[in-house]
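Novice: Before I ask anything, here is the structure I am working with.
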Amino acid sequence: MTFIKQVSLILVRDLRIEFRSKSLLLSMVIFALLFQVFLQIVFNAKTQAIQMIAPGILWLPVLLSAMLGFNKYGSAEKENGALAGLLMSPIDKGALFLGKLIGNYILVFIVIVTSVPVFFLFLKQPFPASIGLLITTLLLGSWGFVAIGVFFTTLAQSSSITELLVPIMIFPLAVPLFLAVVQLTEIALYPSLGMGEDLWLLLLVGYNLIFTVTPLFLFDLLLEV
């Protein structure tokens, strides 16, 4: 069986399970939307005054809903030893990682599609000065966060404190990602407030490559550590 075929099998399996119940996707979307409403109430300020914190407000519901998805994904894979069965199967562990990465990324992408328009609607922010840069940042930033999230969530499944361990592992390593996406989002929304677009894009692409390519080749080894 080819590597691509194995990836597609894992992806189809995960999406079929999720869209059959829709519990994870609904909880992520509802959480992101409610969090946007909460932030709108908390940061109810003039349009000009909110510019400096707008990039963080845009990303916060997306990242936190993704964390919610990681926790639920980890809990679901523990049930009935589902993950243990996958790890003992002859499937390539790199394909297992990539399939789960793409599956989780699709769910986070749906959250972005529903959450980001609400951000502009509730906070009355102007249309992005660079819509292309904003879309690129959303796609690359969410990919990097999902990659590191799926990676460490899977590695932490053997622990009895997975829900506590995953954020402790993810957030310190995700600091470069956070810096890049916030700066790029700021440049996309308000070009006059930011600079160094190429440098931040390079950092974001490099980060994604590291946390996508490394698990593909070392996932099998790291699972045995």
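Novice: Over all directions, average the projected area of the Cα convex hull of the stretch 99-157 and note it in nm².
Specialist: 4.7 nm²
Novice: What nm distance separates the two modelled labels at PHE38 and THR2, each placed 7 Å from Cα along Cα→Cβ?
Specialist: 4.5 nm
Novice: So if we plug the beta-carbon distance of THR136 and ILE106 into 1/(1 + (r/R0)^6) with R0 = 22 Å, what FRET efficiency do we get, rounded to 0.05?
Specialist: In this case the efficiency is close to 0.80.
Novice: How high is the FRET efficiency from LEU15 to LEU202, r the C-beta distance, R0 22 Å, rounded to 0.05? Numbers along the way, then the final one.
Specialist: Numbers: r = 32 Å, r/R0 = 1.46.
Step by step, r from the Cβ atoms, then E = 0.10.
Novice: By how many nm would the segment from LEU209 to VAL113 lengthen if fully extended, with 0.36 nm per residue of separation less the alpha-carbon distance?
Specialist: Extra length available between LEU209 and VAL113 comes to 32.2 nm.
Novice: What does the charge add up to near LEU184, with Lys and Arg as +1, Asp and Glu as -1, over the other residues with Cβ less than 11 Å from its Cβ?
Specialist: That sum, taken over residues with Cβ under 11 Å, equals -3.
Novice: Working out 0.36 nm times the residue gap between PHE127 and LEU216, then minus their Cα-Cα distance, what length gain in nm do you get to one decimal?
Specialist: Going from the current span to full extension adds 28.2 nm.
Each value in this text was obtained by applying a stated rule to the coordinates, not by laboratory testing. If you're wondering where the values come from, they're calculated on a predicted model, not measured in any experiment. FYI the Cβ positions are ideal-geometry reconstructions off the backbone, even for glycines, and counts take in every protein chain you see.
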